[in-house]
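Read the figures in this text as sums done on the coordinates, not as results from a lab. Predicted model, so just to flag it, every value in this text is computed and none were measured. Here the Cβ is made from the backbone with ideal geometry for all residues, glycine too, and neighbour counts use every protein chain on show.
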Amino acid sequence: MSLVHGGPAIRCFSPGLYHSLVHGVRSASVDISDVYDPDLRNYLLALINCQSVPDAQTCLTQPSFQTVLDLAGTLKQVKSLDDIQMIANESARWFLLGRVCSSLERLKDGLNVLGVLGAVFENPDIFRPAFCYVPQPLTVDLLSSLFTNTTRSELGSNAHAKESLILSFWNDYLQDVEEHTVDEF
């Protein structure tokens, strides 16, 4: 509803998750480097770097990793080096997309109610910034905007005077930080 009413955008999707929203989970590609769990990512990378089938089988016997592979449905017998790559890629795909399929479908249903989903399908590149995270530097204007539309006490009250003074000090501090006249925190 926020998108329809001009509110803040979601901006928390990875590019792969947004692609799966627009084009379907089956067409989305994932990379092991996208796995946000550092233990699983390192384990998958170690699996891919195995130079032989016995090394891979040893790697696959770690209990914590066996649990993840079992949940993902990718715990299989390794017979060739190609199997190693397939297990790693399918596990990453399950971790990044497979676990969220039902949630993604519910999101699609919600977006469809207000007609947003159709607009996203028609203009995926235009909606990408509204869904995907894009890093942006913190600036004085950005931080100041966080406090401009706040509910304040009644005009003329002592509380309003204190709030105005605090906001003034805050804006002065932000300006000083931007001008590098004080240490950043």
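Worth pointing out:
- Net charge, ARG152 excluded, C-beta distance under 14 Å - Lys, Arg +1, Asp, Glu -1: -1
- Here the simple spin-label model places points 7 Å from the Cα toward Cβ, and for LEU114 and ASN149 these points are separated by 1.3 nm.
- Taking other Cβ atoms within 10 Å as a rough exposure proxy, HIS19, HIS160, HIS5 sort from fewest to most as HIS5, HIS160, HIS19.
- Separation of segment 1-68 and segment 95-143, taken as the distance between their Cα centroids, equals 18 angstrom.
- Database remark: amide H of PHE13 closer than 5 angstrom to the amide H of CYS132, TYR133 (H placed geometrically; neighbours at sequence offset of 5 or more, or on other chains; Pro and chain starts carry no H).
- If you take the alpha carbon atoms of the chain and fit the smallest convex hull around them, that volume is 198 Å³ per residue.
- Karplus-derived 3J(HN,Hα), 6.51/-1.76/1.60, for each residue of segment 108-122, Hz, glycine and proline x: 4, 4, x, 5, 6, 4, 9, x, 6, 4, x, 5, 5, 5, 6
- In order along segment 57-67, phi translates into HN-Hα couplings of 5, 5, 5, 6, 8, 5, x, 5, 6, 4, 4 Hz, rounded to whole numbers, per the Karplus curve 6.51 cos²θ - 1.76 cosθ + 1.60 with θ = phi - 60° and x for Gly and Pro.
- Counting other Cβ atoms within 10 Å as a rough exposure proxy, the listed residues ILE166, ILE48 run ILE166, ILE48 from fewest neighbours to most.
- Degrees, to the nearest 10: 38-48 long Cα axis against longest axis of the chain: 30 degrees
- For segment 69-79, 3J(HN,Hα) per residue [Karplus equation, 6.51 cos²θ - 1.76 cosθ + 1.60, θ = phi - 60°, Hz, x = Gly/Pro]: 5, 5, 4, 6, x, 10, 6, 9, 6, 8, 10
- The relative contact order of the chain, computed from alpha carbon pairs under 8 Å that lie at least 6 residues apart in sequence, is 26 percent.
- Angle between the chain longest axis and helix 81-96 axis [Cα atoms, degrees, rounded to 10]: 30 degrees
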